[in-house]
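Accompanying notes for the structure given below.
The values are calculated or read from the model by the stated rules, or taken from the named source; none is laboratory data. The structure displayed is predicted, hence computed values, not measured ones. Cβ placement follows ideal geometry from the backbone for every residue including glycine, while neighbour counts extend to all protein chains displayed.
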Amino acid sequence: MTKPLVFLSYSRKDIAEKNELATQLKVCGDSFELWVDDHLHHGEEWQPEILDHIDRSSMAILLITADFLNSKFILDVELPAIFKRRDAHQLTVLPIIAKSCAWQSVPWLRKLQVAVGEKKPVWAGDGPQILGQLTEIASRAAALAACQPPGEKSSSPTPSSGTIYYEPEAQRKEFLELLKRFSESIQSQSMERVFGRDTLHRWRRHEEQICDRLNREFTLAVIGPFKRGKSTLINGLLQQEVVTSDVAPETITINEIRFGPQLRIEAHLPGGGRLGLNPDQLKHENLAPLLARLPAEPTHLDLRVPIDWLRGFRIVDTPGTGDALERFEARIQEYLFHADAVLVVLSALDPLPESERAFLKLAVLPQDFGKMTFVVNMLDKLRDEQDVSSIMNNLNRRVAQLFPDATVLGVSAFDEFARLNNEPRPRPERAESLAARFVQLRAHLQESVLRDRELVQLDRAADGLAKLIQTVSRHADQLTRSMEMERTHLESAITVCEDPASPLHAELKEHSQRVHSFILDLAAEAQGWIDGFINRLEQSARSLATVSSSDLQRHFPFFLADGLRTALNRCLDAHRPLILSELAGAANCPLSLDGDHAATGPALRRPFDETSSVSHTAEPGVAVDDSLWERVDVSSLLFDLTQIQVFGITGSLLRQFESKSREREKSLLFQQRFLNAVPELRRSLRARMDEIYAGIADRVAQELEARQQERVDTSLDALRQGRLLTARDDTSWQRETLQSIPTLVAEAGGRLAALQDRLWPEAKDPAA
């Protein structure tokens with residue numbers, strides 16, 4: 001396989017520095033091929049050859065000095081070619097501040113993420129310091145090269161060979177024109193006379209949300225459990241301490257981080273109040289008393305920071321998704337709804353626990369993010385690279401089960417921040433590999449997320465328009481069917497929907513009760529499975545006497561809790577598709593709208609509201625999605641069960657370790673007492689399993705009733721509107737308007753689908 005080509009751009013007046021850097025870069029010859037213009041001589045056609053190599057490079061290293069910034073050839077020839085490939089997603093730029101110069105006054109350079117030398121130029125130190133900096137540059141280049149495909153020569157600004165490239169601005173203009181044209185079509189006077197003012201007002205709000213998403217600043221939401229190093233990671237990405245990592249649950253805040261010409265921190269309070277803060281007040285010991293004095297808890301902290309990398313987007317640093325989630329749940333959900341991309345921070349010591357999986361399925365999965373990045377932090381806590389490889393392979397498999405297209409990267413934010421501040425590294429023997437991993441993360445965010453932010457926002461706005469088009473189509477179809485009903489049947493259907501004692505509502509209740517009973521019946525099967533698990537656990541526990549008492553005291557409670565949660569989750573995972581299938585069957589059941597509760601023709605027997613997320617296909621489990629399942633708080637129920645039952649039992653067992661018995665006697669006593677406690681554990685688990693399944697049955701039945709009622713309410717609106725329209729003598733123009741909807745929808749939907757196909761052309765085979 002061809003190695004990526006790296007182009008080194010430098011001033012001829014910095015040849016000595018270039019040679020030193022090139023020597024270190026060539027050490028990484030297995031990772032990339034370095035090209036410098038050493039072999040070019042006066043009189044040769046050197047400009048075409050330089051441009052040819054830039055056109056084939058995957059990375060360009062810029063050796064920034066005052067002479068570099070004053071070089072006419074570099075500014076007029078090399079840099080335009082480099083940025084042309086960078087803007088076409090073909091090349092990564094790695095700027096190195098080699099000597100002191102006013103580089104921060106150069107607009108194009110300020111926009112780049114400086115790799116090395118931002119605080120202290122490379123050649124500003126002594127010999128060992130320079131060598132250390134050069135070694136770091138070589139390691140970073142090797143890490144970035146591992147993320148790059150081999151460069152391919154191209155004569156046009158295409159993202160990759162064989163892929164058609166479309167300018168984001170042109171696609172944005174086309175989308176806005178499509179949205180405007182569709183909006184004008186559905187917001188006409190004739191549409192209002194057919195659908196009603198309230199319906200058009202709802203559609204108008206939908207359009208405004210689409211425009212708001214497109215025009216709002218790009219938002220990268222950083223989420224993850226509490227104490228996983230999210231704040232340290234953000235500080236590492238920004239290359240300075242912006243948010244404090246010294247937090248406690250009572251001082252957790254949501255932090256919005258944006259670019260600002262100067263540092264400014266404000267606490268935003270409910271009702272619009274604001275309080276200016278200084279950086280010292282963000283520290284735990286100062287923030288806790290300050291928050292206690294406020295009339296209400298801040299909605300968020302607004303941090304404006306003079307870091308050019310933040311221009312054009314904001315980072316939202318959210319609280320942990322564990323104990324603090326309930327307190328911030330509504331606000332986090334709102335931020336996720338408006339976010340354009342998500343970065344999930346996990347710990348290498350506790351990767352993707354069950355509570356986090358539940359949060360991701362409930363809050364993140366329904367948002368359908370195109371750009372998902374999982375960062376496994378705290379790699380410095382692992383013993384060696386073999387452990388790192390094992391953890392990362394495991395996480396890649398588990399993440400792919402939820403988010404097949406997500407990127408999973410491992411870093412040590414603590415190591416990166418120590419490196420930036422010239423402090424002792426946590427793992428000196430792995431310092432280079434940890435630094436390279438952070439370079440890889442920063443490059444991924446820059447190349448795959450931030451550079452494409454216009455396309456990401458456009459993609460999410462396009463999804464919103466697709467839903468609006470679908471809503472208009474379904475509403476028109478529903479209204480057409482109501483107008484086709486005979487007058488007596490129309491009045492009867494309206495009465496049936498309005499009367500809570502009608503056969504229709506009785507049938508809804510019957511469906512709910514049937515689903516409730518079905519779930520309770522599953523509890524007996526789950527109890528049989530749990531009994532089998534307890535039997536195997538009891539058999540394994542007969543060897544506890546061979547384990548040291550210190551290990552039992554430290555690890556057994558958590559081992560038991562984790563084992564029980566896993567066993568219970570397997571029961572629920574096995575039953576989930578059955579429950580969702582039963583739920584979908586009840587939700588999809590055709591309901592009669594006539595007073596006699598009998599079939600009165602296809603129009604009445606057809607499901608009367610297709611705006612529900614419940615599918616009418618043969619795959620109900622796909623439509624009644626996991627977001628409904630997660631709303632039953634299964635994870636919370638399991639956590640409570642294992643906390644109460646497991647730690648209640650093991651707590652009494654651990655107290656015997658306080659005695660002065662010998663090691664062997666303590667372990668044997670622990671084994672005996674645990675085996676004696678197994679019958680009580682079995683009995684209490686069976687009782688709690690009944691409670692869990694009863695809770696699931698209650699919540700699912702409530703959800704079904706709510707969804708069915710929404711369908712009835714929506715159908716009732718269409719029936720009333722149909723009655724209003726058919727009461728007029730001449731309905732030909734209303735019918736003509738409704739008949740125009742399929743053509744309007746087909747045209748807008750077709751143009752939108754074609755535009756969406758062009759947003760990410762690299763995901764498609766151009767030869768297909």
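Restricting attention to segment 322-337, does a residue exist that is at pLDDT 85 or above and either closer than 21 Å to G410 by Cα or assigned by TED's automatic domain parsing to the domain that holds R264 (or both)?
no
Using beta carbons and a limit of 6 Å, which pairs, at least six apart or on different chains, have the first residue in segment 546-557 and farther than 13 Å from L669 by Cα and the second one modelled with pLDDT under 75?
Close Cβ pairs satisfying both conditions: P557/F647; P557/T650.
For segment 402-442, which residues satisfy the criterion of being in contact with a helix residue (DSSP H, G or I) (Cβ under 9 Å, 6 or more places away or on another chain) and among the polar types (S, T, N, Q)?
T407, S412, S433, Q440
Take A476 and tell me if it is assigned to a helix (DSSP H, G or I), within 42 Å of the chain's Cα centre (by Cα) and closer than 30 Å to G750 by Cα.
Considered against the rule, which asks whether it is assigned to a helix (DSSP H, G or I), within 42 Å of the chain's Cα centre (by Cα) and closer than 30 Å to G750 by Cα, A476 comes out as yes.
Just need a number here: residues in segment 562-581 that are basic (K, R) and at pLDDT 75 or above.
2
For (1) touching a Cys at 6+ places or on another chain (Cβ under 7 Å); (2) without any contact (Cβ under 8 Å) to a residue 24 or more places away in the chain; (3) of a type in the set (D, E), each residue gets a yes or a no:
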| position | (1), (2), (3) |
| --- | --- |
| Q672 | no, yes, no |
| L685 | no, no, no |
| D698 | no, no, yes |
| E703 | no, no, yes |
| V712 | yes, no, no |
| S740 | no, yes, no |
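Exactly one of these conditions fails for V449: (1) farther than 30 Å from A753 by Cα; (2) touching a strand residue (DSSP E or B) at 6+ places or on another chain (Cβ under 6 Å); (3) of a type in the set (A, V, I, L, M); (4) at pLDDT below 85. Give me its number.
(1)
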